[in-house]
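> Please read through the structure below; I'll follow up with questions.
The values are calculated or read from the model by the stated rules, or taken from the named source; none is laboratory data. Computed from a prediction, not measured in an experiment: that's the story for all the values here. Here the Cβ positions follow ideal geometry from the backbone for every residue, glycine too, while neighbour counts run over all protein chains shown. Areas reflect the complete protein model, heavy atoms only, side chains present, ligands, DNA and RNA absent. Shrake-Rupley method; radii C 1.70, N 1.55, O 1.52, S 1.80 Å.
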Amino acid sequence: MVNDAVFRSALAWLAAMVLLVGLCTQSFKKMLVTYILGMFAISGVLLPDWEFFDRRFSQWRTPLTVDEKRTPRSAHTQATPTRFRIHPIRVAIYTIVYGFGFYKWWMFVST
């Protein structure tokens, strides 16, 4: 992982959220569900191999070659960290998956 400070910060915010859920609901089960969902959310955003997924969608089925890893596509590619690039398919997939997950979590925690 390139930046461990981001990962540590996300884990600290997750711990605060778990504590808040525990104080508000006084349920260990809801705290555990919040922790598990938060870990999946953090790992889904911070841990993937973005060099692999920054290729065209049609190339996702093929492995990343050594030449593709070594050759930058443009000067903009090196200046901007790949984690912060916005791709429509990635945004759509993340919105659907995380939206559904957070909806189910909210329904569970609020009852």
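> Out of Q59, Q26, which single residue is modelled with pLDDT of 70 or more and at positive phi? Outline the logic, then answer.
Numbers: Q59 fails: at positive phi.
None of the others qualify; the one that does is Q26.
> Let me ask something else. Tally time: how many residues in segment 1-40 are in a helix (DSSP H, G or I), of a type outside the set (A, V, I, L, M) and open to solvent by less than 90 Å² (accessible area, probe 1.4 Å)? Give the steps one after another, and end with the answer.
The first filter runs over segment 1-40 and keeps only residues in a helix (DSSP H, G or I), leaving 4-25, 28-40.
Restricting the remaining residues to those that are of a type outside the set (A, V, I, L, M) gives 4, 7-9, 13, 22, 24-25, 28-30, 34-35, 38, 40.
Next cut, open to solvent by less than 90 Å² (accessible area, probe 1.4 Å) only: 4, 7, 9, 22, 25, 30, 34, 38.
Within segment 1-40, residues that are in a helix (DSSP H, G or I), of a type outside the set (A, V, I, L, M) and open to solvent by less than 90 Å² (accessible area, probe 1.4 Å) number 8.
> Go through (1) touching a helix residue (DSSP H, G or I) at 6+ places or on another chain (Cβ under 8 Å); (2) under 22 Å from G99 (Cβ atoms); (3) at pLDDT 80 or above one by one and return the number of the condition L46 breaks.
For L46, the exception is condition (3).
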